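The structure appears right after this line, and notes come after that.
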Amino acid sequence: MRYAHGVLVGAILSGVIFLGAMIIKIARHGADAVLLAALWNVYVIWFVISVGLVVAPPLVVYFVRRQVFREFFIYEAGSLGIFTPIWLILFTDLSGTSFTFLFTQDTVSALVGFGPGGAIIGIDISNVLLIPLLAASAILGVFLLRPSFIRKYGAAGEMPELAALKESTEDSDDELGSEMPGVEAPKASADTVASLRDLLVELDTPEPVINLVLNSGIATTTDFVGTSPEQLASIAGMDKRAAESLLIAAQKKLWFSDI
C-alpha cells in the first residue's frame, strides 16, 4: 500500500497540472485578442502554481517527517517521470489537438520564462527536443521506482516504531543468552533474508509488503514470526487483521510444515 500511495502522489500531481493547462488551452479556441491576452496571464499563473504543486509536498515532508523524505522524493520524482508523458499525450488529444502534433511540430509557448528587459514570455519546445525528453522521463521514472532502488536509497534513519522493535529484539536476545548459555539467537545474513523472502512469497505476500518488511530490519524468519500484529501493520502499512493473518500463516508454515 505504501508503494502504491507513493506512486499515486506523482500521478495525481502531473494529472492536475496538465488538466489545468488543457482547460486553458480549450478556452483559447475562438477567443479574441483581449481574451487571449487574459488567458496568457492565467497560463503564467497556472505555470507558477504547477511548480509549487511539485515542490511543496517534498518540502512539507522534509519539515514534518524528515526520516521518510528521501523515499517520498524518489516516489514523486519517479511517478512524475512516468506519468508526465502519459498525461501530456492524453490531455493534448482531449484538447482537440492530435497527440501526433507533439512529435511532428514545435509546441508553442509551452514554457514560461523571462525575456529581454525581464518581460515574461512563452518559450517554444521543438519536437526534436521534446521526443527524447519524454522518452528519458519515462525511462528515469521506471528506474527510480524499482523496489531495489527505493530500498537502497530511500531509507534514511529508522522510524520510532522500528527502533522500538529492534530494541525489544535485542532485549529478548539478552534474555535468551542469560537463560540458555551457549544458545545464540539467529544471526541475520543474506541466507536468512533470502529464506524470509521465500517464505513470504510462498504465502502470496505482495512484493511491496515484502520489501517494507525487509527494509525494516527484520532479516530472519524467527524475527518475523516474533513480530506483533501491531508492529507488522505499522511497518507494512497494512490492516491489523491482515497482519495477524499473515503472521499466523507464517507460524503454521514454519512450525507444522514437517508434520
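The values are calculated or read from the model by the stated rules, or taken from the named source; none is laboratory data. Everything numeric here is computed off the predicted structure, so don't read it as measured data. Here the Cβ is made from the backbone with ideal geometry for all residues, glycine too, and neighbour counts use every protein chain on show.
Quick check on the range 228-259: of everything there that is over 16 Å from ASN211 (Cα atoms) and among the β-branched types (Val, Ile, Thr), which residue is surrounded by the most Cβ atoms within 10 Å (Cβ to Cβ)?
The extreme case among them is ILE248.
Take the conditions in contact with a helix residue (DSSP H, G or I) (Cβ under 7 Å, 6 or more places away or on another chain) and crowded, with 17+ Cβ neighbours inside 10 Å and apply them to ALA21. Does it pass?
For ALA21, the condition - in contact with a helix residue (DSSP H, G or I) (Cβ under 7 Å, 6 or more places away or on another chain) and crowded, with 17+ Cβ neighbours inside 10 Å - is met.
I'd like to check something: does the range 1-10 contain any residue that is assigned to a loop (DSSP other than H, G, I, E, B), aliphatic (A, V, I, L, M) and either in contact with a strand residue (DSSP E or B) (Cβ under 9 Å, 6 or more places away or on another chain) or within 26 Å of ILE123 (Cβ to Cβ) (or both)?
no
Residues in the range 33-56: is at least one outside the structural domain of LEU212 (by TED's automatic domain parsing), outside any helix (DSSP H, G or I) and on the phi < 0 side of the Ramachandran plot?
Within the range 33-56 (the criterion being outside the structural domain of LEU212 (by TED's automatic domain parsing), outside any helix (DSSP H, G or I) and on the phi < 0 side of the Ramachandran plot), the answer is no, since none of the residues qualifies.
So which residues in the range 32-75 are of a type in the set (Asp, Glu) and surrounded by fewer than 16 Cβ atoms within 10 Å (Cβ to Cβ), if there are any at all?
The one that is of a type in the set (Asp, Glu) and surrounded by fewer than 16 Cβ atoms within 10 Å (Cβ to Cβ): ASP32.
Suppose we filter the range 214-254 for residues that are of a type in the set (A, V, I, L, M, F, W, C) and either outside any helix (DSSP H, G or I) or within 17 Å of THR192 (Cβ to Cβ) (or both); how many remain?
Filtering the range 214-254 down to residues of a type in the set (A, V, I, L, M, F, W, C) leaves 214, 218-219, 224-225, 232-233, 235-236, 238, 242-243, 246-250, 254.
Filter once more, so that each one left must be either outside any helix (DSSP H, G or I) or within 17 Å of THR192 (Cβ to Cβ) (or both): 214, 218-219, 224-225, 238, 250, 254.
Here the count works out to 8.
From ARG28, ARG2, grab the single residue that is surrounded by 13 or more Cβ atoms within 10 Å (Cβ to Cβ), without any contact (Cβ under 8 Å) to a residue 40 or more places away in the chain and charged (D, E, K, R).
Step by step, each of ARG28, ARG2 is checked, and only ARG28 is surrounded by 13 or more Cβ atoms within 10 Å (Cβ to Cβ), without any contact (Cβ under 8 Å) to a residue 40 or more places away in the chain and charged (D, E, K, R).
Any residue in the range 123-148 that is assigned to a strand (DSSP E or B) sitting within a Cβ distance under 6 Å of a residue that is not acidic (Asp, Glu)? List the pairs, counting only those 6 or more apart or interchain.
What qualifies is ILE123/LEU111; ILE123/GLY113; ASP124/VAL108; ILE125/THR107; ILE125/ALA110.
Would you mind finding the one in SER216, SER189, SER178 that is among the small types (Gly, Ala, Ser), exposed (fewer than 10 other Cβ atoms within 10 Å of the Cβ) and modelled with pLDDT under 85?
Matching residue, one of SER216, SER189, SER178: SER178.
Could you check, for the range 70-81, whether at least one of its residues is in a helix (DSSP H, G or I), assigned by TED's automatic domain parsing to the domain that holds PRO132 and over 20 Å from ALA4 (Cα atoms)?
no
Kindly evaluate GLY117 against the criterion of being at pLDDT below 85, more than 24 Å from HIS5 (Cβ to Cβ) and not assigned by TED's automatic domain parsing to the domain that holds LEU214. So that I can check it myself, show each step before the final result.
On the way: at pLDDT below 85: yes; more than 24 Å from HIS5 (Cβ to Cβ): yes; not assigned by TED's automatic domain parsing to the domain that holds LEU214: yes.
Taking the combined requirement at face value, the residue satisfies it.
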